[in-house]
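Everything below concerns the one structure shown next.
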Amino acid sequence: MCKTDKFLYHRKLWEMKVRLLGETKVEKLRNSFVSRSRMSLWMIRAVTILLLWSCFVHLMALGEMWGPRLFKGWPSCFSQHDLSTVEEMGSLPAKISLSPKRVYQNNGYLMVSCNGGLNQMRAAICDMVTVARFMNVTLIVPELDKTSFWNDPRCVCHHFKLLLELCFYFPLLNLFLLWGSEFKDIFDVDHFISSLRDEVRILKELPPRLKKRVELGMHHEMPPISWSNMSYYQNQILPLVKKHKVLHLNKTDSRLANNGLPVEVQKLRCRVNFNGLKFTPQIEELGRRVVNILREKGPFLVLHLRYEMDMLAFSGCSHGCNPEEEEELTRMRYAYPWWKEKVINSEVKRKEGLCPLTPEETALTLTALGIDRNVQLYIAAGEIYGGERRMKALTDAFPNVVRKETLLDSSDLDFCRNHSSQMAALDYLVAVESDIFVPTNDGNMARVVEGHRRFLGFKKTIQLNRKFLVKLIDEYTEGLLTWDVFSSMVKAFHSTRMGSPKRRLVIPNKPKEEDYFYANPQECLQLLDEPLRVI
């Protein structure tokens, strides 16, 4: 059959189908073919986009692991040395040359989740960098606390009584009211990585292959034993890293001993603390502004007045509170199931020196110590429980009481207002630079700031003995002591507690009772050649 006959044949066949199916069905058939074609075209486009995106993600991951940072605007003609230099320009001054990377056989990857408040986490980060260095593992930038009360920011219940009631009746609600800042929101992560590159390899996240393993649960997770020495990490933790490739330490507070460690271990802890951990440029700049404002008006004292609702509820300390406030603090304590102690005798704890000084007690103590009443008194704390009513005695004794909120414009604090750890970082910077630092409670901020001030030349830090003070204050208020006797006794007792050089106290087998390393890192300080005080 010739081509013309074939054409005529097919045309007649098509006309017959038209007559049989009818015009409507033919149109539906034609539309069906068009729809299927469009659907196929859409599917092809979707699959193509997915494939391209997958390739893009993998290239980004490979760029992070092995080579130049792709897709970040860096010319491909840069050498590896040039890339390293450019990478650090944003976090280090140009005049500072980077130390060469330390080359070692990587034994695995260490992930850590810090717990507690800002300064508890700060000390833990220093410990974990040191542990990673001496196990020859790669450290992943630490994850900051998001589950305890002292995460960032604190539970909204801290500010709203209605939500506090809900937290009390529905404890699980706490989990939905807690969220927090990442490491990069508080610390300069690029400086952290680059400044320690000659000691330990630190990555922002796991390589993709290992990240997938962790997502599938193919790693080991555990809390290390508290107050351990390096032999524990070498003999028990390192084998686990080698076996599982990735080890996740989910609690890191006080996991490295205060004493009995090699000098190089202690010095690395200091290096991380005083050089590796810098706050973000935004926080650092704001801290400098506050210090400059204070300096323009003369000397200033930073008072870490730890008399906030969360501390009083947690410790059970309610001296000076009215019955309604005591009940509110009790409800808050019960609202947090992980706060183990519930029934607390406030007066017994106070007399044992386990409560933060009240604003009234603090006013008496500072006056007795001879602090100039006209000094600028910077309050490094959150909202004082009881407000102006409880602060009146302090403001009457020291009229120049200031806070970051009174020194700065409201807009200056917008970026960190709802982030307690970032606000604490600002207070930390001001406290370190102050002429005098006085903490009213022996917490992590008090101890870490004390150690930092020792490192900067033994700047004056008054370490108050609360057990001694509350006994003396009670005797004075009851009329058993005159003011002159009271004042002279306070001065005499604290004359050797001003942050001057001294050796750490070592108590074998009682690490909680001995002097804290970060409060007095003597291995990193210029001290007289004296032995450790051991009792």
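So the values come out like this:
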read-out: Long-range amide H partners of Ser228 with built H, under 5 Å; value: Leu256, Ala257
read-out: Entries of Lys212/Lys243; Lys204/Lys502; Lys342/Lys502; Lys242/Lys278; Lys278/Lys392; Lys471/Lys502 with Cα pairs more than 29 Å apart; value: Lys204/Lys502; Lys342/Lys502; Lys242/Lys278; Lys278/Lys392
read-out: Aspartates and glutamates with Cα under 15 Å of Lys251, excluding same-chain neighbours fewer than 8 positions away; value: Asp127, Glu143, Asp145, Glu221
read-out: Alpha-carbon centroid distance for the pair region 362-423 / region 228-284, whole angstrom; value: 35 Å
read-out: Entries in Lys184/Lys349; Lys491/Lys512; Lys404/Lys459 that, when Cα-Cα distance is taken, lie over 30 Å; value: Lys184/Lys349
read-out: Long-range HN-HN contacts of Ser181 with modeled amide H, under 5 Å; value: Asp152
read-out: Solvent-accessible surface (1.4 angstrom probe) belonging to Asp427, in square angstrom, nearest 10; value: 10 Å²
read-out: Table column - 3J(HN,Hα) (Hz), region 196-208, Karplus curve with 6.51, -1.76, 1.60, x for Gly and Pro; value: 10, 5, 7, 10, 8, 7, 10, 10, 6, 7, 5, x, x
read-out: Per residue value of the accessible surface for region 324-385 (all protein chains in place, 1.4 Å probe), Å²; value: 44 Å²
read-out: Surface per residue (accessible, 1.4 Å probe) for region 232-286, Å²; value: 41 Å²
read-out: Of all accessible heavy-atom area on region 195-293, the percent that carbon and sulfur account for (1.4 Å); value: 50 percent
read-out: Contact order normalised by residue count of region 309-386, Cα under 8 Å, 6+ apart, percent; value: 34 percent
read-out: Nonlocal amide H pairs with Leu203, under 5 Å, H built at 1.01 Å; value: Leu139, Ile140, Val141
read-out: Karplus-derived 3J(HN,Hα), 6.51/-1.76/1.60, for each residue of region 444-449, Hz, glycine and proline x; value: 5, 5, 4, 6, 5, 5
read-out: Normalised per residue, the volume of the convex hull around the Cα set of region 292-413 (Å³); value: 127 Å³
read-out: Carbon plus sulfur fraction of accessible area for region 321-368, probe 1.4 Å, in percent; value: 56 percent
read-out: J(HN,Hα) series, region 380-388, from Karplus relation 6.51 cos²θ - 1.76 cosθ + 1.60, nearest Hz, glycine and proline x; value: 9, 5, x, 5, 6, 5, x, x, 4
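The values are calculated or read from the model by the stated rules, or taken from the named source; none is laboratory data. All of these numbers come straight from a predicted model, not from anything done at the bench. These accessible areas exclude ligands, DNA and RNA; they are computed on the full protein's heavy atoms, side chains included. Shrake-Rupley method; radii C 1.70, N 1.55, O 1.52, S 1.80 Å.
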